[in-house]
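Encoded as structure tokens, the structure appears first; notes follow it.
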Amino acid sequence: WPDMAAALRASATPLWALESGTPVRDFDVVGVTLPHELAAAAILGVLDLSGIPLRADERRDEHPLVLGGGAWTTHAAAVEPCFDALFVGDGEAALPALVREVGLARRRGENRRAILERLGARPEILVPALRGTEHPGARARRRFVRELPDSRPFASGPVGGLAPVFDRV
């Protein structure tokens, strides 16, 4: 929200996780939901407030991988330069294992490019940096999940309010 963004910038406080207080830039993966085109400015704001370079080609190994997902990933060309990878389709069931895989790879010291190439081998992962190559990550097929398992965990900590999401107009 504009007042909070202004307060964070004024105090030079990086955006942090509600649950742990960890700065967003210190995570292995930053996941961003792309619900629709109107979210483009918010995506840039989140990256900027986090201290993460806006463009994927400006990020280094110490930066988190920025992974996008959601309805807009099927046609997100306008924001592709901001993302290291885009999960096209239903990611709920696959996301936890994918994030763990990235975390383990980073702890093994793998570089960003190697991680992205491995993620891009999955048919539902688009890696914009691989566009124009023969690598499978240069294209993606939408993943469909017909039924989610009943064992999905619920939030155990603070959950953001609905007003910032729904009271935009």
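When residues of region 57-93 are filtered for being surrounded by fewer than 17 Cβ atoms within 10 Å (Cβ to Cβ), in a helix (DSSP H, G or I) and either without any contact (Cβ under 8 Å) to a residue 12 or more places away in the chain or in contact with a His (Cβ under 8 Å, 6 or more places away or on another chain) (or both), how many remain?
Count: 4.
Give me a count of the residues in region 43-78 that are at pLDDT below 90 and more than 12 Å from the chain's Cα centre (by Cα).
Of the residues in that region, 7 qualify.
Test PRO123 against the stated conditions and say whether it is in contact with a strand residue (DSSP E or B) (Cβ under 8 Å, 6 or more places away or on another chain), surrounded by 15 or more Cβ atoms within 10 Å (Cβ to Cβ), more than 24 Å from ALA17 (Cβ to Cβ) and modelled with pLDDT under 95. Steps first, answer last, please.
Numbers: in contact with a strand residue (DSSP E or B) (Cβ under 8 Å, 6 or more places away or on another chain): yes; surrounded by 15 or more Cβ atoms within 10 Å (Cβ to Cβ): yes; more than 24 Å from ALA17 (Cβ to Cβ): yes; modelled with pLDDT under 95: yes.
Here the answer is yes, as PRO123 does meet what is asked.
Would you please name the residue that is farthest from GLY103 (Cα to Cα), looking only at residues in region 5-28 that are in a loop (DSSP other than H, G, I, E, B) and open to solvent by less than 60 Å² (accessible area, probe 1.4 Å)?
Taking region 5-28 first, the residues in a loop (DSSP other than H, G, I, E, B) are 12-15, 17-22, 27-28.
Among the residues that remain, those that are also open to solvent by less than 60 Å² (accessible area, probe 1.4 Å) are: 13-15, 17, 21-22, 28.
On the way: THR13: 25, PRO14: 21, LEU15: 20, ALA17: 17, GLY21: 19, THR22: 16, ASP28: 6 Å.
Of everything passing the filter in region 5-28, THR13 is farthest from GLY103 (Cα to Cα).
Here is a list of conditions, (1) among the aliphatic types (A, V, I, L, M); (2) closer than 30 Å to VAL145 by Cα; (3) not in a helix (DSSP H, G or I), and ILE52 meets all of them except one; can you say which number that is?
Here ILE52 clears every test but (2).
Can you name every residue in region 104-120 that is part of a helix (DSSP H, G or I), modelled with pLDDT of 95 or more and not charged (D, E, K, R)?
LEU104, ALA105, ALA114, ILE115, LEU116
Mind listing whichever residues of region 29-54 are touching a strand residue (DSSP E or B) at 6+ places or on another chain (Cβ under 8 Å) and open to solvent by less than 30 Å² (accessible area, probe 1.4 Å)? Quick ask: steps written out before the conclusion?
First, pick out the residues of region 29-54 that are touching a strand residue (DSSP E or B) at 6+ places or on another chain (Cβ under 8 Å): 29-34, 39, 43, 46-47, 50-52.
Result: VAL29, VAL30, VAL32, LEU34, ALA39, ILE43, LEU47, SER50, ILE52.
Within region 1-42, how many residues turn out to be modelled with pLDDT of 90 or more, within 24 Å of VAL79 (Cα to Cα) and among the charged types (D, E, K, R)?
4
The values are calculated or read from the model by the stated rules, or taken from the named source; none is laboratory data. Model, not experiment: these values are computed from the prediction. Counting neighbours? That spans all protein chains shown, and the Cβs are built from the backbone with ideal geometry, glycine included. Only protein heavy atoms, including side chains, enter the accessible area calculation; ligands, DNA and RNA are left aside. Shrake-Rupley method; radii C 1.70, N 1.55, O 1.52, S 1.80 Å.
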